[in-house]
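The values are calculated or read from the model by the stated rules, or taken from the named source; none is laboratory data. What you are looking at is a predicted structure, and each value in this text was computed from that prediction instead of being measured. FYI the Cβ positions are ideal-geometry reconstructions off the backbone, even for glycines, and counts take in every protein chain you see.
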Amino acid sequence: MTGDPASSDTPWLDQGAEPLIKIRGVTKKFGDFTAVNNVDLDIFQGELFCLLGGSGCGKSTLLRMLSGFETTSTGTISIDGIDMSNVPPYERPTNMMFQSYALFPHMTVEKNVAFGLKQDKIPAAQVAERVDDILKLVELQDYHKRKPHQLSGGQKQRVALARALVKQPKVLLLDEPLAALDKKLREQTQFELMNIQEKVGITFIVVTHDQEEAMTLSSRIAVMDEGEFVQIGTPTEIYEFPETRFVAGFIGSANMFEGRVVEDGPDHVRVMTDLGEIYIDHGQSVREGNRVWVAIRPEKIHLSKEPPTEPGPNQAIGMVDDIGYLGNTSIYKIKLENDRIIDVTAPNQIRPKTRTHRITWEEKVYLHWDASSAVLLNK
């Protein structure tokens with residue numbers, strides 16, 4: 001994210017901005033089990049916010065508390081300045097899109113989308129106009145009379161989205177909205193969802209366990225583990241500057257090295273690990289002798305058949321143990337001299353002229369990475 005901190009693109013950086021949603025000290029217990037543990041969170045108008053985590057981390061429970069389908073054990077949730085504690089689901093300024101889509105099989109697309117408006121006793125002419133408008137928005141204007149069984153998975157997903165949006169909620173809650181789609185359609189639909197959210201300007205809160213989906217969709221991400229937020233930030237902040245080993249390993253891939261701080265300078269840190277000496281060119285609040293971990297993303301490591309011109313930190317020697325060819329990239333499993341295996345990914349930017357130009361199995365290789373690529377983690 002770029003631009004002025006007070007801009008509409010980054011309201012969370014504006015000290016004067018008022019959050020649309022305030023979650024304060026929220027805990028949810030089921031008997032002796034704590035699903036959500038004393039969390040605080042601000043979400044702003046127009047955000048596409050993702051709750052990301054593995055199964056059982058508490059993200060869906062938090063979404064259900066926002067919708068009113070679950071009550072909080074302690075703490076408060078307010079939306080647009082109103083405490084939702086005693087507000088039932090049907091009176092909240094929220095709507096929910098379920099993972100299963102929950103379309104009525106006997107109703108046409110038009111009637112599915114109009115159902116909530118008719119329940120609210122909206123005049124028929126207004127219902128027809130709003131249904132037409134929302135079906136145009138999701139590009140289903142030619143599907144009014146079809147029933148769910150006549151639609152593809154992606155079309156059903158858009159009908160469910162239209163039905164949730166047509167009531168014009170202040171907040172749309174989406175529980176694993178793309179989970180039922182195949183990979184290619186899911187990737188296409190991610191961008192469609194972003195475009196629709198930008199057009200309607202409604203705050204979206206998406207629950208997902210898919211890291212790539214969260215990174216693509218969201219303005220910000222809250223990573224959850226065991227009922228707590230372990231890091232909240234933009235996709236770039238979460239990926240490039242993880243604050244814990246859990247976040248570094250959960251978001252994408254990371255090679256993790258344990259070591260001891262041997263030098264703590266104002267603008268750099270040196271760490272001795274089983275990989276050798278790692279030099280990091282950004283200062284950290286650590287003491288010499290402290291036990292720390294260093295994370296290096298596989299794509300940050302450069303792979304070469306040629307040895308470095310001179311020895312130094314941020315270098316290693318290994319042998320290619322395995323290769324995974326993915327078309328646009330290749331994943332190399334490199335066995336180091338101490339028998340540890342690390343991952344290195346490289347883009348396949350140029351088609352090799354011959355097989356001899358490629359790095360292949362059981363070949364000796366030299367690794368190096370920039371001083372800015374490694375991330376120092378204290379926990």
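Of the strands (runs of 3 or more DSSP E) entirely within region 1-83, those holding at least 3 residues that are buried (at least 18 other Cβ atoms within 10 Å of the Cβ) and modelled with pLDDT of 95 or more occupy 21-30, 33-43, 48-52. Checking 178, 185, 135 one by one, the residue that is modelled with pLDDT of 90 or more and assigned by TED's automatic domain parsing to the domain that holds residue 203 is 135 and no other.
Residue-by-condition table, conditions (1) in the same structural domain as residue 269 (by TED's automatic domain parsing); (2) closer than 22 Å to residue 254 by Cβ; (3) aliphatic (A, V, I, L, M):
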site: 287; (1), (2), (3): yes, no, no
site: 293; (1), (2), (3): yes, yes, no
site: 317; (1), (2), (3): yes, yes, yes
site: 320; (1), (2), (3): yes, yes, yes
site: 336; (1), (2), (3): yes, yes, yes
site: 346; (1), (2), (3): yes, yes, yes
site: 350; (1), (2), (3): yes, no, yes
site: 366; (1), (2), (3): yes, yes, no
site: 373; (1), (2), (3): yes, yes, no
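Yes/no per residue for (1) surrounded by fewer than 19 Cβ atoms within 10 Å (Cβ to Cβ); (2) farther than 27 Å from residue 223 by Cβ; (3) in the same structural domain as residue 164 (by TED's automatic domain parsing); (4) more than 25 Å from the chain's Cα centre (by Cα):
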| site | (1), (2), (3), (4) |
| --- | --- |
| 86 | yes, yes, yes, yes |
| 99 | yes, no, yes, no |
| 105 | yes, yes, yes, yes |
| 108 | yes, yes, yes, yes |
| 115 | yes, yes, yes, yes |
| 127 | no, yes, yes, yes |
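The criterion of being within 29 Å of residue 332 (Cβ to Cβ) and without any contact (Cβ under 8 Å) to a residue 24 or more places away in the chain holds for residue 235.
Looking at this structure, is residue 92 buried (at least 19 other Cβ atoms within 10 Å of the Cβ) and assigned by TED's automatic domain parsing to the domain that holds residue 220? So residue 92 fits the description; yes. Any residue at all in region 112-121 that's in contact with a Pro (Cβ under 8 Å, 6 or more places away or on another chain) and of a type in the set (Val, Ile, Thr)? Looking through region 112-121, none of the residues is in contact with a Pro (Cβ under 8 Å, 6 or more places away or on another chain) and of a type in the set (Val, Ile, Thr).
Listed by position, the strands (runs of 3 or more DSSP E) inside region 259-321 whose residues that are of a type in the set (A, V, I, L, M, F, W, C) and touching a residue at least 24 places away in the same chain (Cβ under 8 Å) number at least 3 are 291-296. Each residue in region 347-379 was checked for being modelled with pLDDT of 90 or more and assigned to a strand (DSSP E or B), and 9 pass.
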